[in-house]
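Below is one structure, written out as structure tokens; the observations come after it.
The values are calculated or read from the model by the stated rules, or taken from the named source; none is laboratory data. Not measured: the values here are computed from a predicted model. Methodologically, a virtual Cβ is constructed for each residue, glycine included, from the backbone with ideal geometry; neighbour enumeration extends over all protein chains shown.
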Amino acid sequence: MIKTFKLNSRSETSSLKLPKEVFSFSRDLDGEWHTDDAKAKEEALSYYYFPDSYIDRNYNLGDGFNKFKKIPEAENVPNFASFLKAIKEHEQQSGKKIKVDIVTFRGVMTKLLTLPYDTKTPIHLYVIAFDGQLFITPDSEYELKQRAAEDEQLKASDPEKYQYNKTCEYTGYKFEALTTLPKPWAQCSRGLIEKRAKKTVNNYEQYISVVRTGIGKVKTLLAGEVDCAWDYIPSEENGASKNDILKHYVELKTSMVVDQPHKAVNFERKLFKTWAQCFLLGIPRVVYGFRDQKHLLKNVEIYNTEEIPLLLKNSEYPRGGVQKFHCVDAIKWYGAVLEWITQNVDANDESKAYKIIYDSGSRTFSLNECMGDENKRLRNGEILTEEFKSWREQLRG
Ligand code: 0WD
Ligand code: CA
């Protein structure tokens, strides 16, 4: 069975259900996952601190590249097993199932939401139904292969460009290390703040927020990486509600300085993608660090997520044929495509497995049933863990 869905489909509604954090989990410097919410907040969440005057210090975001403690690509794929373990532990504490239609990673939804304005990137996802819910994962094997092939090709054709790109990737993590602190500013010593520029940079440590949200009738549970908090995290002990936590989160990004009009469109493309990432989890702020050709940090700009759609809509830069990025239009596509997925995959049929494929060559978006060995592989252990399945069976009674 193959069903296709037209790229010009749009839903009537563009209103998102107010995102609420349900819990968080984390990965430490040794690559171990921890499913305890309080521990994640205590040990893995960092805090933004970078006064404007620090721009004059001419920080080089390429510094320390040779010491980068980088997690192997194959170990850095979205980890559904830890996510499910964290869901199980949360449900054990609350005594009830988290009621949603779709469980997935934020990165998966970013791909779907931005598709109408990024038709050149292919999408490969798997979907299975269990316990009345759909579980969607990226086909990480495909993505790793794709990326490795692109890397090899560039390395062979333009080794300098390859090296430059790798350093640019590093600057993102370096910017995080340079602008964040392990505790709110008031609890950090002067020494700790000043030593950040020399700190070994790693991409092992990760803080993941799990957020309940949705569009139209479709409710989702999304796990996504959050870079840091803006100021502090309200604690429930002090009477703050859990709904307020998301308002304190920040997304950090780096980009090339926009010093010529033709670079503006590329930046807008990035800003659109960043908007999608933040919008999905309800993250209200984005901090952009702008670097020059030599990776020197030249400027830092703060954007409110909710003002980005208007910024993109009102853009007057020359576009050279590139269409404007319409966030509201993307949301309407997103609403339509999620509804289509939930209508075409029976959440109560636990015998089937599907692949969602967007083919950039033919521009077709399709739902494909997986048969035979592929079905068995996906249904038996590749997506859901035995631990999670037996927990839900126990809960069902
Ligand atoms: O294929 C992979 N290696 C991916 C891994 C693709 C997407 C996600 N992930 C992992 C992340 O490391 C994280 O553990 O899944 C988890 C949660 O992901 P998410 O929040 O759903 O992912 P997404 O929204 O795509 O990206 C968030 C961050 C990125 O931040 P920036 O500011 O660069 O968008 O996850 C990291 C990265 O820090 N990340 C990656 N790191 C290394 N290689 C990659 C990647 N391919 N993709 C995302
Ligand atoms: Ca980031």
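At a glance:
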{"read-out": "Flag if Lys332 is within 21 Å of the chain's Cα centre (by Cα) and under 21 Å from Asp101 (Cβ atoms)", "value": "yes"}
{"read-out": "From the options Arg212, Arg190, Arg291, residue that is basic (Lys, Arg) and buried (at least 22 other Cβ atoms within 10 Å of the Cβ)", "value": "Arg291"}
{"read-out": "Subset of segment 293-324 [over 26 Å from Cys228 (Cα atoms) and not basic (Lys, Arg)]", "value": "Gln293, Asn314, Ser315, Glu316, Tyr317, Pro318, Gly320, Gly321, Val322, Gln323"}
{"read-out": "Residue in segment 232-258 that is surrounded by the fewest Cβ atoms within 10 Å (Cβ to Cβ), counting only those that are within 22 Å of Arg27 (Cα to Cα), touching a helix residue (DSSP H, G or I) at 6+ places or on another chain (Cβ under 8 Å) and at pLDDT 95 or above", "value": "Leu246"}
{"read-out": "Checklist (1) part of a helix (DSSP H, G or I); (2) without any contact (Cβ under 8 Å) to a residue 24 or more places away in the chain applied to Val337, failing item", "value": "(2)"}
{"read-out": "Output for segment 38-61, where each listed residue is in a helix (DSSP H, G or I) and under 19 Å from the mean Cα position of the chain (by Cα)", "value": "Ala40, Lys41, Ala44"}
{"read-out": "Total residues in segment 147-163, condition under 23 Å from the mean Cα position of the chain (by Cα) and not small (Gly, Ala, Ser)", "value": "3"}
{"read-out": "Near pairs, Cβ below 8 angstrom, 6+ apart or cross-chain, from segment 91-112 (among the hydrophobic types (A, V, I, L, M, F, W, C)) to any residue that is assigned to a loop (DSSP other than H, G, I, E, B)", "value": "Phe105/Pro78; Val108/Pro78"}
{"read-out": "Hits in segment 352-378 - residues which are exposed (fewer than 15 other Cβ atoms within 10 Å of the Cβ) and of a type in the set (Ser, Thr, Tyr)", "value": "Ser360, Ser362, Thr364"}
{"read-out": "Failed item in (1) within 16 Å of ligand 2 (Cβ to nearest atom); (2) part of a loop (DSSP other than H, G, I, E, B), with Ser26 passing the rest", "value": "(2)"}
{"read-out": "Elements of type strands (runs of 3 or more DSSP E) in segment 207-293, at least 3 residues being within 24 Å of Ser315 (Cβ to Cβ) and either touching a residue at least 12 places away in the same chain (Cβ under 8 Å) or not acidic (Asp, Glu) (or both)", "value": "249-256, 285-291"}
{"read-out": "Failed condition for Leu115, given (1) over 24 Å from Tyr288 (Cβ atoms); (2) under 17 Å from the mean Cα position of the chain (by Cα)", "value": "(1)"}
{"read-out": "Leading residue by the ranking (surrounded by the fewest Cβ atoms within 10 Å (Cβ to Cβ)) among those in segment 70-102 that are within 13 Å of ligand 1 (Cβ to nearest atom) and of a type in the set (D, E, K, R)", "value": "Glu75"}
{"read-out": "Boolean, Gly224 is modelled with pLDDT of 95 or more, more than 16 Å from the chain's Cα centre (by Cα) and buried (at least 22 other Cβ atoms within 10 Å of the Cβ)", "value": "no"}
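Rundown of residues vs (1) away from ligand 2 (no atom under 16 Å from the Cβ); (2) farther than 20 Å from Asn60 by Cβ; (3) not aromatic (Phe, Trp, Tyr), yes/no style:
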site: Glu169; (1), (2), (3): no, no, yes
site: Glu176; (1), (2), (3): no, no, yes
site: Pro184; (1), (2), (3): yes, yes, yes
site: Thr200; (1), (2), (3): yes, no, yes
site: Glu205; (1), (2), (3): no, yes, yes
site: Gly214; (1), (2), (3): yes, yes, yes
site: Val218; (1), (2), (3): yes, yes, yes
site: Glu225; (1), (2), (3): no, yes, yes
